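Data block below; observations after.
The values are calculated or read from the model by the stated rules, or taken from the named source; none is laboratory data. What you are looking at is a predicted structure, and each value in this text was computed from that prediction instead of being measured. Quick reminder, even Gly has a Cβ in these numbers, built from the backbone with ideal geometry, and neighbours come from all protein chains shown.
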């Protein structure tokens, strides 16, 4: 599903990530951890085609990202839901339209979309906030709205970058529950976080694999996680 | 490369797609105003060009087949010399008709300068003879030689001396009008490109979000392109309308009052005027498309 083969990424003359190889099988739940600035976000961006590896190969759904045009990458991205730490919404549109944005841009917002949207907002607990604008949402509500947007196209893979970075423990547990539910539905989950509590809580509920970026390389995390 | 399919997709109205770009006040006003001002100027440039064309055609057609003979002789010899000159003219190949102007006709010619009650009989005015030529015309040099022998007080004016520079000037004025329209279109395109660049740069975050959720470049560009084209179309429609009203406010003149009062749109000229708003929209469409392509490439 997502494969990295001897991938390196350089920026501004320095190598940020080096010699990374990874295969993310369908239905798996991966955590990616490491200190701030270790390159977790860069790694995730390589995984959804927002950045191009400077060496090695990134394959998404058996397609090498290097040879793809921007429109092809856009089509691949529709199969990958992304949740960012800062969420990234269109602040002038209400929650409903932001959550439905992947459907809108892919021209799929026709029959049955409204019902699905309502169901999805209920699932993330945002029914009462459907008409609110993103700046009016709390941190937890923004994260849940971002998760709803990430899954509305029913993608095969969900990538989350520090999804609990700006929210309290209770809200992060709620978000984790949603991610676990998605994984049980067969979705592949990859979460970049330095929140060890979140990883431990997840390990108690589903089978997870924990990776760590250390010294620009990808490693399996130790048994302490 | 020009892609007809993606161009057609961009023109297709899509309310939801148009909503993804937040309204931007500054660039909206800039585009509206630019299109308004440029279309207003385009109406005048067009009117100037069309009026110059009409004048050139009229001077060319009306005066090409006519000449004037002037008899400047002492009062006692005018009638004799006129008769002699008419005889010569009527036997000259290439001349259809030659006719001495009556006192009333000569008064009418002077009326714009001296008024209609001029006592023309008391003035030592030359007798004018109006000559109508065939399409092929006559041999002016040969005629002058014959006139010198038989009516020495006659001076032939075949209009070429003053007509050619006037026709040339009118022709250049017409060209200048079209060149102005071309410059106006280019300036509109440049201004819309600048405004679109500013709007795209200000919405880099919006573009990032759209890309994150899988929007293709065509989709993102379309939202901007449609918006700017519509603004330019609206501004140009108002500018054109205002230009037309301003043209109607120019005092109407008679045939004798000349070029300035003839600055109007007539007949098929209206087709060009009606084309100004859609052409502005089209210029804005391609300018924004060009700007969007460049900015999206830079942001990729």
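So, in segment B:90-131, exactly how many residues are touching a helix residue (DSSP H, G or I) at 6+ places or on another chain (Cβ under 8 Å) and part of a helix (DSSP H, G or I)?
Matching residues across segment B:90-131 total 6.
Which residue out of B:166, B:182, B:156 is assigned to a helix (DSSP H, G or I) and at pLDDT below 90?
Selected residue: B:166, the only one of B:166, B:182, B:156 that is assigned to a helix (DSSP H, G or I) and at pLDDT below 90.
Looking at (1) assigned by TED's automatic domain parsing to the domain that holds residue B:40; (2) out of contact with any helix residue (DSSP H, G or I) (no Cβ under 6 Å at 6 or more places or on another chain); (3) more than 15 Å from residue B:50 (Cβ to Cβ), which is the only condition residue B:157 fails?
(1)
Considering (1) within 13 Å of chain B (Cβ to nearest Cβ); (2) under 15 Å from the mean Cα position of the chain (by Cα); (3) crowded, with 22+ Cβ neighbours inside 10 Å, say which one residue A:155 fails and leave the rest.
Result: residue A:155 passes all but (3).
Taking residue A:46 as the residue in question, decide whether it is more than 9 Å from chain B (Cβ to nearest Cβ), modelled with pLDDT of 90 or more and either farther than 26 Å from residue B:216 by Cα or surrounded by fewer than 17 Cβ atoms within 10 Å (Cβ to Cβ) (or both).
No; evaluated as a whole, the condition is false for this residue.
Go through segment A:186-201 and give me each residue that's touching a strand residue (DSSP E or B) at 6+ places or on another chain (Cβ under 7 Å) and either over 17 Å from residue A:26 (Cβ atoms) or surrounded by fewer than 16 Cβ atoms within 10 Å (Cβ to Cβ) (or both).
A:192, A:193, A:194, A:199 - these are the residues of segment A:186-201 that are touching a strand residue (DSSP E or B) at 6+ places or on another chain (Cβ under 7 Å) and either over 17 Å from residue A:26 (Cβ atoms) or surrounded by fewer than 16 Cβ atoms within 10 Å (Cβ to Cβ) (or both).
Any residue in segment B:196-213 that is at the interface with chain A (Cβ under 7 Å from one of its Cβ atoms) sitting within a Cβ distance under 6 Å of a residue that is part of a helix (DSSP H, G or I) and crowded, with 18+ Cβ neighbours inside 10 Å? List the pairs, counting only those 6 or more apart or interchain.
Note: pairs meeting the criteria are B:210/B:220; B:213/A:101; B:213/A:102; B:213/A:105.
Which helices (runs of 4 or more DSSP H) does segment A:61-115 wholly contain that include 3 or more residues that are touching a residue at least 24 places away in the same chain (Cβ under 8 Å), within 11 Å of chain B (Cβ to nearest Cβ) and out of contact with any strand residue (DSSP E or B) (no Cβ under 7 Å at 6 or more places or on another chain)?
Helices (runs of 4 or more DSSP H) meeting the threshold: A:101-105.
Among residues belonging to segment B:132-147 that are part of a helix (DSSP H, G or I) and within 38 Å of the chain's Cα centre (by Cα), point out the one that is surrounded by the fewest Cβ atoms within 10 Å (Cβ to Cβ).
B:141
To keep it simple, each residue is scored yes or no on (1) over 16 Å from residue B:44 (Cβ atoms); (2) at pLDDT 90 or above; (3) not assigned by TED's automatic domain parsing to the domain that holds residue B:33.
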position: B:235; (1), (2), (3): yes, yes, no
position: B:238; (1), (2), (3): no, yes, no
position: B:242; (1), (2), (3): no, yes, no
position: B:249; (1), (2), (3): no, no, no
position: B:254; (1), (2), (3): yes, no, no
position: B:264; (1), (2), (3): no, no, no
position: B:268; (1), (2), (3): yes, no, no
position: B:275; (1), (2), (3): no, yes, no
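Of everything in segment A:202-224, what is part of a loop (DSSP other than H, G, I, E, B), crowded, with 17+ Cβ neighbours inside 10 Å and modelled with pLDDT of 90 or more? Give them in sequence order.
Hit for segment A:202-224 is A:208, nothing else.
Quick one: which residue in A:125, A:39, A:56 is buried (at least 21 other Cβ atoms within 10 Å of the Cβ), in contact (Cβ under 8 Å) with a residue 12 or more places away in the chain and on the phi > 0 side of the Ramachandran plot?
Going through A:125, A:39, A:56 in turn, the sole match is A:39.
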